[in-house]
Each structure stands twice: as C-alpha cells, then as structure tokens.
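The values are calculated or read from the model by the stated rules, or taken from the named source; none is laboratory data. What you are looking at is a predicted structure, and each value in this text was computed from that prediction instead of being measured. Here the Cβ positions follow ideal geometry from the backbone for every residue, glycine too, while neighbour counts run over all protein chains shown.
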Amino acid sequence: MSHLVIDGISKSFGSLQVLQSCGLEIAKGTVTTLLGPSGCGKTTLLRVIAGFVTPDTGRILVAGADLSQVPPNRRQVGYVFQNYALFPHLTVAQNIGYGLTVRRRPKTEIQQRVTKVIDLVALTAFAERYPAQLSGGQQQRVAIARALVLEPSVLLLDEPFNALDAKLRLTMQIELRKLIERVGITSIFVTHDQLEAMTLSDTVAVMRAGRIEQVGPPLEIYDRPVSPYVANFIGRANLIAGQSRGGQFVAPQPVAADLRDGEATLIVRPENLALSQDDRPGWAGSIGFATALGPTIEYEIDCGFAEPLRAVVTREAGRGTLPPGTQVKVSIVDTGAAIVRTGSAGNER
C-alpha cells in the first residue's frame, strides 16, 4: 500500500507552468529520488508536498489522509533545505530542538528527543558547538536531525549534498542511506546528479519540463529508458535513429522491436557494445579515438551515423588499445539495448 500519493499535481506561476499533472505513489519506508535538470520542477514538487506551495490542481495524501487543507506545520513532514538553514547563534542541540521549542513541548521531552536523535546522527560530542565550528558534513547531519526530531511521517531533502566536495558527497550519501534505513522513514530526495540518485534510491522519478517522464528502480531505468532524454540523463547512451519494421529495428545486426512500424531510436549503453575484427554481424566502422581507463578502454568508432558510437570494453591483460583507423565491427552484447518510438516514450526491449 502506498504511504505517500502525489495525485495530479499541477502548478503555474503566472504564465509559466512549472508542474503538469504529476502523479507518483511511494511505499512506506522507501527512498524516492526526483531527478532532473535545473528548472524541471522537482523542488517545486517537493515544496508542494511540504505545504510551502499550493498547487493549482491535485492532492497530496499521506497514509490515506488528504493534506490539501493542512498547513505545513501540521503535516508531519520533515524538510531538509539545500543550504541547511541552521541558526548561527544556536548550538547543535538548540538547533535540533528548535522545532520542539516553538511547539512549546516540555523541556524534559525536548531533552530526551534531542539526545536520542543527536546520538542517531553521531553528533553527541558536538552538542554544544555552533554551526560555524562544524564541517559541511556535520552541518548536514544537524539539519537532518532537526527534521527527524519532530518524528515526521515523511522526510523531504532538497539537494542536501550541493555544498559538499566530491569525496564527502559520496561518504554522506552512504551515511544518509544507512540512517534512513535505521529510522525506516519514507523519504523523497531531490537531485540533478544521476550518481546520487543511483546510490540513494529505491525508486527514481525522472522529471522533464514539469512532468514525470519515467518512474522505476534505478537499474530498471538505466537498462530500459523509455526515451532518449531519460537515457542521456541516467548515464551515457548511444542513440541511433532508424526504422522499426516487422518487429525489428532495421540494422545490420537485427534487434527485436516491440513497436509498430515507423521511425524509432535504438538506445545502447557504451558498455553494451562489443568490438571485433571478423565477419560477425554488426556495424562496420573505424576507430577514431581511444582512451585507456585502467581496466577498461573507451573507443569512439565512426560507423557513418550522425555521431560516433562510444564503446567501453574490458582491456585484455598485456594488450594496448586499438590504434586510430583500425577497421572493426560493432555489435550489441546480449539484450543490452532499448528501442523507443521517435518523439515518444515507446516500448522498450
């Protein structure tokens, strides 16, 4: 049963439509990522869930209750802001307990709940420090603890890793995932970073121009994108324009296509291409560029398409790269391709 339901949410600011009939069902205790470029509407959708923005149409339901008329402070929704929004004049413990203080909870209750949550995020030794005395990762944990101390039903996180360097980002992604699993809270995370989405999520919702384009587990979206847009936003992909005829994508190497006849696009990841120098079926091409990446080699191959194909292959021990100009055949490994109708989210293989 879905714990959180986003039902037909639309929102415009003046003449600009930011959200268009967004719908999503989220299971209890899972992590869902809203993934997309800047301006696609993901933060606005998060703010609608929190109650900070009123939608033009649609509903937000949590545990079956319609929150349409419920103010933000009564929604039992925790919100972690992109810049953490910590009070510089308050200690770590005071920042975490602030929401309980303004709700006039008894001091003993505040102390007990703050102590419990501050231990959960491993900041007990920093309870009396101020935000300026903390690292970026520690400040982030304070912001998360401040949301969790209110015991929300849903936790919302708006790009919380933006201010962190690359190494710390990865560490904090793993820590946050472990923390959410321990607490068991339904969480929605906003990011434009595909690797963060893959690391954190049970489910990814890819957004485009105010719409949700595809929803599913991260690897399912990676392996079976429903459009070139999704394919390029989750990882890298070779896009080959062609025709679907009689249940196949027209190509030197036949590829099954569960589509009506017409224009189609073949989507294949670089690691799902193989190179050979024999007569097996495939696209004839010429090596244009090679980059050694330790255990793998990335090739650009000119096969006469609009763009060179990119293939990532495992390097054989003791062998170097194929030099530019080498003639090769390029084939698809097993079922490593998706085919979609051009201009739409068609069926996938």
| If you go through region 280-293 one residue at a time, do you hit one that is closer than 15 Å to residue 237 by Cβ and not aliphatic (A, V, I, L, M)? | no
| note | Among (1) out of contact with any helix residue (DSSP H, G or I) (no Cβ under 8 Å at 6 or more places or on another chain); (2) farther than 30 Å from residue 164 by Cβ, residue 76 falls short only on (2)
| Somewhere in region 7-16, is a residue assigned to a strand (DSSP E or B), of a type in the set (Asp, Glu) and within 20 Å of residue 158 (Cα to Cα)? | no
| Residues satisfying the stated conditions in region 93-117, i.e. surrounded by fewer than 12 Cβ atoms within 10 Å (Cβ to Cβ) and β-branched (Val, Ile, Thr) | 102, 108
| query | Does region 204-216 contain at least one residue that is surrounded by fewer than 18 Cβ atoms within 10 Å (Cβ to Cβ) and farther than 23 Å from residue 19 by Cβ? | reply | no
| task | For residues that are touching a Lys or Arg at 6+ places or on another chain (Cβ under 9 Å) and loosely packed, with under 15 Cβ neighbours inside 10 Å, scanning just region 36-62, find the one that is farthest from residue 208 (Cα to Cα). | result | 54
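Listed here are the residues, each with its yes/no results for (1) of a type outside the set (A, V, I, L, M); (2) at pLDDT 95 or above; (3) not assigned by TED's automatic domain parsing to the domain that holds residue 145.
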position: 8; (1), (2), (3): yes, yes, no
position: 12; (1), (2), (3): yes, yes, no
position: 35; (1), (2), (3): no, yes, no
position: 41; (1), (2), (3): yes, yes, no
position: 54; (1), (2), (3): yes, yes, no
position: 59; (1), (2), (3): yes, yes, no
position: 64; (1), (2), (3): yes, no, no
position: 76; (1), (2), (3): yes, no, no
position: 101; (1), (2), (3): yes, no, no
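Which one of these is closer than 18 Å to residue 156 by Cα and in contact with a Pro (Cβ under 8 Å, 6 or more places away or on another chain): 80, 62, 70?
Working: 62 fails: in contact with a Pro (Cβ under 8 Å, 6 or more places away or on another chain); 70 fails: in contact with a Pro (Cβ under 8 Å, 6 or more places away or on another chain).
It is 80.
Quick check, is residue 23 within 27 Å of residue 177 (Cβ to Cβ) and within 20 Å of the chain's Cα centre (by Cα)?
Values: within 27 Å of residue 177 (Cβ to Cβ): yes; within 20 Å of the chain's Cα centre (by Cα): yes.
Answer is yes for this residue.
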| query | Do we have residue 50 as farther than 18 Å from residue 2 by Cα and aliphatic (A, V, I, L, M) here? | reply | no
| List, please: which pairs have Cβ atoms under 8 Å, are six or more places apart or on different chains, and start with a residue in region 79-92 that is surrounded by 17 or more Cβ atoms within 10 Å (Cβ to Cβ) and end with one that is of a type in the set (Gly, Ala, Ser) and not in a loop (DSSP other than H, G, I, E, B)? | 79/50; 79/147; 80/143; 80/147; 84/143; 86/143
| request: Only residues that are basic (Lys, Arg) and modelled with pLDDT under 90: list them for region 256-297, please. | output: 260, 280
| field | Counted residues, region 285-307 - those being in a strand (DSSP E or B) and loosely packed, with under 11 Cβ neighbours inside 10 Å | value | 1
| query | Out of all the residues in region 23-48, which are in a strand (DSSP E or B), closer than 17 Å to residue 201 by Cβ and not aliphatic (A, V, I, L, M)? | reply | 25, 32, 33
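Conditions tested, residue by residue: (1) over 17 Å from residue 153 (Cβ atoms); (2) touching a residue at least 12 places away in the same chain (Cβ under 8 Å).
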| position | (1), (2) |
| --- | --- |
| 28 | no, yes |
| 96 | yes, yes |
| 115 | yes, no |
| 133 | yes, no |
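Within region 164-195, which residues are of a type in the set (Val, Ile, Thr) and either assigned to a helix (DSSP H, G or I) or more than 14 Å from the chain's Cα centre (by Cα) (or both)? Break it down stepwise before answering.
At the first step, the residues of region 164-195 found to be of a type in the set (Val, Ile, Thr) are 171, 174, 180, 183, 185-186, 188, 190-191.
Answer for region 164-195, where residues must be of a type in the set (Val, Ile, Thr) and either assigned to a helix (DSSP H, G or I) or more than 14 Å from the chain's Cα centre (by Cα) (or both): 171, 174, 180, 183, 185, 186.
Taking only region 141-185 into account, find how many residues are under 12 Å from residue 79 (Cα atoms) and either touching a helix residue (DSSP H, G or I) at 6+ places or on another chain (Cβ under 7 Å) or buried (at least 18 other Cβ atoms within 10 Å of the Cβ) (or both). Working first, answer last.
Filtering region 141-185 down to residues under 12 Å from residue 79 (Cα atoms) leaves 143-160.
Cutting the leftovers down to either touching a helix residue (DSSP H, G or I) at 6+ places or on another chain (Cβ under 7 Å) or buried (at least 18 other Cβ atoms within 10 Å of the Cβ) (or both) gives us 143-150, 152, 154-160.
Residues in region 141-185 being under 12 Å from residue 79 (Cα atoms) and either touching a helix residue (DSSP H, G or I) at 6+ places or on another chain (Cβ under 7 Å) or buried (at least 18 other Cβ atoms within 10 Å of the Cβ) (or both): 16 in total.
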| field | Contacts under 9 angstrom Cβ, first residue in region 209-220 being basic (Lys, Arg), partner crowded, with 16+ Cβ neighbours inside 10 Å and not in a strand (DSSP E or B), 6 or more apart | value | 211/40; 211/41
